[in-house]
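Beneath this line is the structure, given in structure tokens, with notes to follow.
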Amino acid sequence: MNFDGKVVVVTGAGGGIGEGYARAFAAQGMRVVIAEINESAGQRVADSINAGGGTALALRCDVGDEASAKACADAAAARFGGIDYLVNNAAIFHDMRVEGYLDVDMAYLEHFMRINAHGCVIMTRACLPHMEKRGGGAIVNQSSTAAWMHMGFYGVAKLAVNGITSSLARELGPRNIRINAIAPGPTDTPALQKHAGEYAQMMLKSMPIGRLGQPADMANAALFLLSDEASWITGHVLNVDGGQFMRA
Ligand SMILES: NC(=O)c1ccc[n+]([C@@H]2O[C@H](COP(=O)([O-])OP(=O)(O)OC[C@H]3O[C@@H](n4cnc5c(N)ncnc54)[C@H](O)[C@@H]3O)[C@@H](O)[C@H]2O)c1
């Protein structure tokens, strides 16, 4: 896989799995744009990558806000000459409210769905002109095995991400852009520990590979899906989950 000089935008890369993506992509020679709503977190990751000899740029970005997404994509392209890849990792997760459909405030629910479901659409639309100018590209959306676990609106937003992935695959294919999703199982980040640390330990007991996922597991899968080696794969949701979900 050859990623030298490629430009990748990673949303929500100020920590957790997104930081893992950013570091792994930079190590492969990509120029990495860290598109984060938490500016200081994004800057910390960019500074660390640059100090280690990689190339990273932190930009403030709210994936739920079209103007912010466009400004971020335009600034990324202005700095690096274009955009080849987009990884839609951002979500309200660490700070999400844990409530059921019967209780959640409707304004919060609509905001949550805008970020966690439609954020990937907003960012794709913002990056699209810059990817088309390069002749095409590839996108990875961040789903979750929670999509199939009846986990309230968090899971439903990930189900929407899966549906958006296949719908966008049809629209983007003729533009020479592939789009796939990764569905991580329980992955060792501060957000997981906050919301489901004990529950995850219980789940591990019934999983074929009984350990938590690591951000590097997701990064390895994303590298393949972005690469030319995956040039005939689009619209797919790839479980990276230690066998948590298996379909015959
Ligand atoms: N950790 C897990 O077990 C797990 C499992 C499956 C899927 N996921 C998914 O992986 C992704 C990363 O999860 P994580 O565990 O690193 O959680 P996290 O909460 O640390 O990461 C989310 C990042 O997105 C950023 N963000 C939030 N709202 C944003 C917005 N409007 N615009 C831009 N950035 C925004 C946050 O600041 C944060 O850095 C999420 O999409 C999550 O749903 C995580």
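Condition (residue is within 12 Å of the ligand (Cβ to nearest atom), small (Gly, Ala, Ser) and closer than 25 Å to Val32 by Cβ) applied to region 196-203: is it met by at least one residue?
no
In the set Pro190, Pro186, which member is closer than 15 Å to Ser143 by Cα and either small (Gly, Ala, Ser) or modelled with pLDDT of 95 or more (or both)?
Criteria check complete, one pass: Pro186.
I'd like to know if region 140-157 contains one or more residues that are among the small types (Gly, Ala, Ser), in contact with a Gly (Cβ under 8 Å, 6 or more places away or on another chain), more than 8 Å from the ligand (Cβ to nearest atom) and closer than 15 Å to Asn116 by Cα.
Yes, region 140-157 contains a residue that is among the small types (Gly, Ala, Ser), in contact with a Gly (Cβ under 8 Å, 6 or more places away or on another chain), more than 8 Å from the ligand (Cβ to nearest atom) and closer than 15 Å to Asn116 by Cα.
Among all residue pairs at least 6 apart or on different chains, which show Cβ distances below 9 Å where the first residue, located in region 183-204, is under 27 Å from Thr165 (Cα atoms) and the second is part of a helix (DSSP H, G or I) and basic (Lys, Arg)?
Close Cβ pairs (under 9 Å, with a partner that is part of a helix (DSSP H, G or I) and basic (Lys, Arg)) amount to Ala183/Lys158.
Any residue in region 228-248 that is free of Cβ contacts under 8 Å to residues at least 40 places away in the same chain sitting within a Cβ distance under 9 Å of a residue that is hydrophobic (A, V, I, L, M, F, W, C)? List the pairs, counting only those 6 or more apart or interchain.
Partner pairs satisfying both residue conditions: Gly243/Met207; Gly243/Ile209.
Condition first: more than 6 Å from the ligand (Cβ to nearest atom) and either free of Cβ contacts under 8 Å to residues at least 60 places away in the same chain or under 8 Å from Ala58 (Cβ atoms) (or both). Now tell me which residues in region 21-40 satisfy that.
Residues satisfying the conditions are Ala22, Ala26, Ala27, Gly29, Met30, Arg31, Val32, Val33, Ile34, Glu39, Ser40.
Would you check which residues across region 90-111 are within 18 Å of Leu192 (Cβ to Cβ), in contact (Cβ under 8 Å) with a residue 40 or more places away in the chain and within 13 Å of the ligand (Cβ to nearest atom) and list them?
Selection gives Ala90, Ala91, Phe93, His94, Met96.
Identify all residues within region 1-20 that are touching a residue at least 60 places away in the same chain (Cβ under 8 Å), near the ligand (Cβ under 9 Å from one of its atoms) and not in a strand (DSSP E or B); write none if there are none.
Gly12, Ala13, Gly15, Gly16, Ile17, Gly18, Glu19, Gly20
Can you find a residue in region 69-87 that is among the aliphatic types (A, V, I, L, M), in a loop (DSSP other than H, G, I, E, B) and under 24 Å from Gln193 (Cβ atoms)?
no
Could you grab me the full set of residues in region 62-82 that are within 16 Å of the ligand (Cβ to nearest atom) and of a type in the set (A, V, I, L, M)?
Within region 62-82, Val63, Ala67, Ala69, Ala71, Ala73, Ala75, Ala76 meet the criteria.
For region 21-78, give me the residue count where each residue is within 23 Å of Phe93 (Cα to Cα), β-branched (Val, Ile, Thr) and surrounded by fewer than 22 Cβ atoms within 10 Å (Cβ to Cβ).
The number of residues fulfilling the criteria is 1.
The values are calculated or read from the model by the stated rules, or taken from the named source; none is laboratory data. Quick caveat: nothing in here was measured; it's all calculated off a predicted structure. Note that we place each Cβ from the backbone using ideal geometry, even for glycine, and neighbour counts take in every protein chain shown.
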